[in-house]
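All remarks here apply to the structure that follows.
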Amino acid sequence: MVEIPKTCKAAVLEEYGKPLQIREVAIPAVEPNGIIVKVEMAGICGTDIHQHQGTLTIKPPLPNIQGHETIGRIVSVGEGRTMDVAEEPLKVGDRIMWAHADCGECYFCEIARAQVHCSRRAGYGFAPPVVLRGGFAEYEYVTPITKVVKVPDELTEEEAVGVGCAFRSVVAGYERLGGINPQENVVVQGSGPIGLYSAVMAVEGGAGKVIVIGAPANRLELAKKWGASDIINIEEVTEPAKRREMIMALTNGRGPEVVIEGSGVPAAFNEGLDMIQKGGRYLVLGQSSAQTIPVAPGIITGKGLTVIGSVSAAIQHFYKALQFIKNKRTKYPFAEIVSTKYRLEDINEAFANMATGKDIKPVIDNRNR
Ligand SMILES: [Zn+2]
Ligand SMILES: [Zn+2]
């Protein structure tokens with residue numbers, strides 16, 4: 001039996017743009033099928049920075065606890081919850097990850113079968129302190145309807161934490177893309193976590209060339225370690241026309257069959273349309289900004305392109321991403337995506353370094369608490 005305190009520390013967003021405040025918050029009582037976890041590691045995401053600044057398209061009510069990329073160690077399991085989605089038995093001491101809670105009853109859950117669009121989705125990382133559904137805390141409450149997956153024992157937290165947001169989103173995107181056909185050339189725009197996981201999935205999916213466009217150099221070095229055949233540093237090659245020229249030279253003058261957008265920069269969409277081969281497929285994963293840009297839609301018609309958008313993911317994508325890491329962990333240094341580990345008390349410093357792009361994937365590391 002693990003002793004669970006009545007309260008724990010959490011970093012609370014009380015006012016947009018102001019430092020997060022470390023507060024003492026109550027730990028809810030566990031319901032049947034609910035789970036209380038001790039937060040082991042919580043990833044900090046680009047979304048967190050926008051959420052903190054109040055520039056996200058959705059504005060959850062204040063105050064709230066952020067953090068939606070969490071690995072938790074079970075300290076209490078409510079009656080009725082005996083296994084994870086892969087039918088692995090669950091017990092106190094196991095490490096789990098979990099998806100946002102889809103209702104399982106609405107039009108998008110049941111008719112459209114697109115759970116990511118659930119009308120009544122109860123999210124993690126956006127909720128008030130009283131429900132304790134945010135990773136930037138010592139403990140977190142996983143609700144009864146939330147689907148969970150056990151983190152394989154052999155994985156370190158550093159290897160697994162990227163599954164919580166970027167990697168599961170990439171797996172969901174690849175599912176919508178229908179994968180890569182043998183020896184298709186792939187360009188990945190962006191070298192953050194979305195771009196890096198997109199690249200290694202392309203490599204393992206049978207691509208020919210996998211070309212990653214991004215910056216800074218440390219991210220591109222990791223792209224190479226994860227199997228990218230070529231990298232283009234946008235800090236060195238600043239002109240889109242010059243980048244296009246380099247990509248044409250690498251792809252027999254026709255451009256890549258597949259482009260994956262993982263940069264989040266609106267202008268990257270035009271650059272992708274411009275370089276992609278006729279008849280090609282464009283998977284747009286990174287765009288979350290409300291900013292508009294001029295686009296010539298005739299390119300999509302003229303080249304006969306397939307443009308696919310994908311957002312977020314469901315629990316099966318967490319499972320598949322964890323299996324990918326489990327099966328390929330001796331081949332690629334997955335843990336290297338975690339660039340810096342911070343204490344919960346230093347979260348404002350972590351946010352600042354994320355905002356400047358200094359870190360690839362900064363995390364809050366609670367393992368010594
Ligand atoms: Zn995220
Ligand atoms: Zn639903």
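Read-outs: derived from the displayed coordinates by stated rules, not from any lab. On a predicted model such as this, the values are computed, not experimentally measured, just so you know. Glycine gets a Cβ as well: all are built from the backbone with ideal geometry, and neighbour counts include every protein chain shown.
Let me have the relative contact order for the chain, percent, based on Cα pairs under 8 Å that are six or more residues apart.
18
In deg cm²/dmol and to the nearest 500, what is the mean residue ellipticity at 222 nm of the chain if only DSSP H runs of at least 4 residues count, each as -39500 (n - 2.57), divided by the residue total?
On the way: 11 runs with 97 residues, N = 369.
My calculation for the chain gives -7500 deg cm²/dmol from helical runs alone.
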Handout entry: √(5λ) per eigenvalue of the Cα gyration tensor, segment 79-150, largest first, Å
Key = 22, 18, 9
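Using the Kirkwood radius built from alpha carbon pairs, what does the Stokes-Einstein equation give as D for segment 142-295 at 37 °C and 0.692 mPa s, in µm² per second? Don't skip to the end; give the middle numbers.
Details: Rh = 16.1 Å.
Once the numbers are plugged in, D ends up at 205 µm²/s.
Of the beta bridges DSSP finds with both residues in the chain, what % are antiparallel, to the nearest 5? Before the final figure, lay out each step's value.
Working: 31 of 54 bridges.
Roughly 55 percent of the DSSP beta bridges within the chain come out antiparallel.
So for each of 273-279, 133-139, 161-167 I average, over its residues, the number of other beta carbons within 10 Å; can you give me the resulting order with the highest mean first?
Working: 273-279: 18.6, 133-139: 26.6, 161-167: 28.4.
My ranking of the peptides, most packed first, is 161-167, 133-139, 273-279.
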Problem - Distance histogram in 5 Å bins (all Cα pairs of segment 17-105, percent per bin) - result: 3, 10, 18, 22, 18, 14, 10, 5, 1
Exercise for the section: Arrange the following residues from fewest to most other Cβ atoms within 10 Å of their Cβ: Ser76, Ser289, Ser263. Expected result: Ser289, Ser76, Ser263
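Can you check what the net charge comes to around Ile337, using other residues whose Cβ is under 9 Å from the Cβ of Ile337 (Lys, Arg +1; Asp, Glu -1)?
Numbers: positive: Lys361; negative: Glu158, Glu159, Glu336.
Computed value for this residue: -2.
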Problem - Alpha-carbon spread of the chain, three principal axes, descending order, Å - result: 64, 42, 41
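Segment 271-324: which chymotrypsin sites (Phe, Trp or Tyr not before Pro) are DSSP loop and have at most 16 other beta-carbon atoms within 10 angstrom? Could the numbers behind the result be given before it?
Values: sites: Tyr282, Phe318, Tyr319, Phe324; in loops: none.
When the chymotrypsin sites (Phe, Trp or Tyr not before Pro) of segment 271-324 are filtered for loop state and at most 16 Cβ neighbours within 10 Å, nothing remains.
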Fill in the blank from the handout: Proxy exposure order for Ser312, Ser198, Ser191 (fewest C-beta within 10 Å first) is Ser312, Ser191, Ser198
Practice task
Assuming a ≥ b ≥ c are the square roots of the Cα gyration tensor eigenvalues, decide whether segment 226-272 counts as rounded (a/c under 1.5), prolate (otherwise, with a/b larger than b/c) or oblate.
Solution key: rounded
Fill in the blank from the handout: Projecting the Cα atoms of Val212, Gly123, Gly164 onto the charge dipole of the chain, where Lys and Arg contribute +1 and Asp and Glu -1 at Cβ, the residue farthest towards the positive end is Val212
Exercise for the section: Would you mind getting the Kirkwood hydrodynamic radius of segment 255-342 from its Cα pairs, rounded to one decimal in Å? Expected result: 15.4
Problem - Rounded to the nearest 20 debye, dipole of segment 37-166 from Cβ charges on Lys, Arg, Asp, Glu - result: 540
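Treat every Asp and Glu Cβ in the chain as -1 and every Lys and Arg Cβ as +1, leave all other atoms uncharged, and give the resulting dipole magnitude about the Cα centre to the nearest 20 debye.
Working: 40 positive and 42 negative charges, 94 e Å.
Dipole magnitude for the chain comes out near 460 debye.
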Completion exercise
Distance in Å, no decimals, from the C-alpha centre of segment 57-78 to the one of segment 270-322 is 29
Fill in the blank from the handout: In whole angstrom, largest first, the equivalent ellipsoid semi-axes that the Cα gyration tensor gives for segment 9-160 are 24, 20, 15
